[in-house]
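The values are calculated or read from the model by the stated rules, or taken from the named source; none is laboratory data. Every value quoted in this text rests on a predicted model; they were computed, and no experiment measured them. A quick note on method: Cβ atoms are made from the backbone with ideal geometry, for glycine too, and the neighbour counts reach across all protein chains shown. When the accessible area is computed, the model is the full protein with side chains, heavy atoms only, and any ligands, DNA or RNA have been set aside. Shrake-Rupley method; radii C 1.70, N 1.55, O 1.52, S 1.80 Å.
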Amino acid sequence: MSAPAAVIRGLGGALPERVVTNHHLSALMDTSDEWIRRRTGIAERRHSSETETTSALATVAAQRALASAGADSAGLLMVATSTPDKVCPATAPKVAANLGLRGVAAYDVSAVCSGFVYALATASWAISSGSVDSALVIGADTFTRLLDPTDRATSVIFGDGAGAAYLTAGKAEEPGTILASTLHSDGTGEELIQVPRRAGAFFEMQGKEVFSQAVSAMSDSVQTVLARAGWTANDVDSLIAHQANVRILKTVASVTGIPGSKAEIHLDKVGNTSAASIPLAMTNAGTKGHRNPGDKVVLTAFGGGTTWGAIAMTWPSMSVIDPH
Ligand code: COA
């Protein structure tokens with residue numbers, strides 16, 4: 001018997017209530033709506049309140065992914081986050097308990113903006129190995145709590161949110177199947193994106209260097225999964241890349257030969273939501289009717305660590321709730 005395929009059955013997203021526009025930020029620091037839109041493509045982002053914790057947002061996203069799949073349990077639950085509620089324990093067991101899933105295997109995956117791709121790939125390996133028959137993969141981050149409010153280079157980019165995918169074992173020809181994945185890291189770049197462990201430390205990013213490494217790492221990993229899936233760039237219906245900067249998304253499309261019009265854009269509404277960015281962009285694509293079941297989709301991310309990777313999959317058959 002062939003190994004089971006990992007098939008996405010549902011998607012969900014959750015966003016904090018508070019919308020922070022570029023105009024709000026222009027009143028607080030030396031920036032402008034024009035600069036932010038032109039250099040990043042972002043128009044607004046969401047900031048979490050005290051009660052909109054990473055676990056709270058993750059729980060809502062997971063509930064919506066379960067509802068989208070018509071499911072009520074999972075054999076494995078991962079929360080990709082670099083902004084857990086507490087340094088320890090992990091956020092995932094709390095989210096599992098919130099969902100009524102006491103006893104389930106639950107743990108966090110820390111790979112910053114690549115976290116969701118890391119967690120989705122490893123969940124697919126767990127399903128394909130026959131170890132579990134279903135998994136909830138959640139990406140959730142609340143980085144705005146760690147930003148220096150006077151640092152215009154980071155404050156304009158990041159927003160908070162959560163997104164989730166629900167997978168079960170199935171057959172490779174089903175829409176929603178994970179067909180290929182590749183994951184990588186290079187710890188020599190650990191200082192490019194970091195929150196140092198010292199009192200009062202803020203999130204720090206070397207934007208220019210991150211930009212160029214993100215383009216080459218994501219482009220390489222997209223090419224790897226295209227080859228593994230047996231697809232050409234022209235076969236791709238949608239490139240859902242980590243939503244960091246619209247110029248990065250367009251450059252990755254151009255380097256890999258995927259038409260720029262196939263790059264899914266969601267950052268205009270939410271900014272860079274780190275591990276939540278890809279599942280939120282997928283959920284948005286699902287609610288806006290951008291995709292059809294069976295479409296060929298490539299996911300790719302780059303983040304702190306540094307870490308990066310890509311996944312080739314077909315678009316699932318499901319309906320999703322709009323988180324906006
Ligand atoms: N508003 C206005 N001016 C700003 C600004 C802001 N928010 N942020 C920076 N600037 C200024 C700089 O001070 C600099 O001014 P100077 O030329 O007088 O020194 C100028 O704009 C250009 O700055 P630079 O840092 O070269 O801009 P950039 O085009 O590289 O854009 C980023 C900055 C952060 C938007 C861009 O580097 C980026 O998106 N990097 C990748 C970030 C990312 O993807 N992170 C997550 C990956 S997981």
* Å² per residue, accessible surface of the chain at 1.4 Å -> 40 Å²
* Structure fact -> Note, segment 139-152: 3J(HN,Hα) by Karplus (6.51, -1.76, 1.60, θ = phi - 60°), whole Hz, Gly/Pro = x, goes x, 8, 8, 10, 5, 5, 5, 10, 7, 6, x, 9, 8, 5
* To do: Calculate one ³J(HN,Hα) per residue across segment 108-122 by plugging θ = phi - 60° into the Karplus curve 6.51 cos²θ - 1.76 cosθ + 1.60, and present them in order as whole Hz with x for glycine and proline.
  => 8, 10, 10, 9, 6, 5, 8, x, 5, 5, 4, 5, 5, 5, 5
* Amide H to amide H under 5 Å from residue 263: which residues, 5+ apart in sequence or cross-chain, H placed 1.01 Å off N in plane? -> 239
* Residue of 166, 107, 118 that the Gaussian network model of the chain assigns the largest fluctuation, springs spanning Cα pairs under 10 Å -> 107
* Structure fact -> So the pair-distance distribution of the chain, from every Cα-Cα distance in 20 Å bins, comes to percents of 36, 59, 5, 0
* Excluding residue 111 itself, what net charge comes from residues whose Cβ is under 13 Å from its Cβ, given Lys and Arg +1 and Asp and Glu -1? -> -4
* Asked: With the chain treated as a Gaussian network of Cα nodes joined by springs under 10 Å, which of 86, 262, 171 yields the largest mean-square fluctuation?
  -> 86
* At a 1.4 Å probe radius, carbon and sulfur cover how many percent of the accessible area of segment 25-162? -> 53 percent
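Counting only helical runs of four or more DSSP H residues, what would the 222 nm mean residue ellipticity of the chain come to if each run contributes -39,500 (n - 2.57) and the total is spread over all its residues? Don't jump to the answer; show the numbers that get you there.
Values: 10 runs with 105 residues, N = 324.
One gets -9500 deg cm²/dmol as the mean residue ellipticity at 222 nm.
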* So what are the three principal axis dimensions of segment 192-310 from its Cα atoms, in whole Å, longest to shortest? -> 49, 29, 21
* Taking only Cα atoms and a 10 Å spring cutoff, compute GNM fluctuations for the chain and point out the largest among 285, 105, 253. => 105
* Calculated from backbone phi, Karplus (6.51, -1.76, 1.60) coupling profile of segment 41-52 in Hz, x at Gly/Pro -> x, 8, 10, 7, 8, 10, 10, 6, 8, 3, 8, 8
* For the chain: relative contact order, % (alpha-carbon pairs under 8 angstrom, 6 or more apart) -> 27 percent
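For residue 53, what is the net charge nearby, where nearby means another residue's Cβ is under 12 Å from its Cβ and Lys, Arg count +1, Asp, Glu -1? Please list the in-between numbers first.
Working: positive: 86, 94, 145; negative: 50, 52, 85, 141, 160.
Combined, the nearby Lys, Arg, Asp and Glu give -2.
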* Counting only residues 5 or more places away or on other chains, whose amide H sits under 5 Å from the amide H of residue 180 once H atoms are built in the peptide plane? -> 312
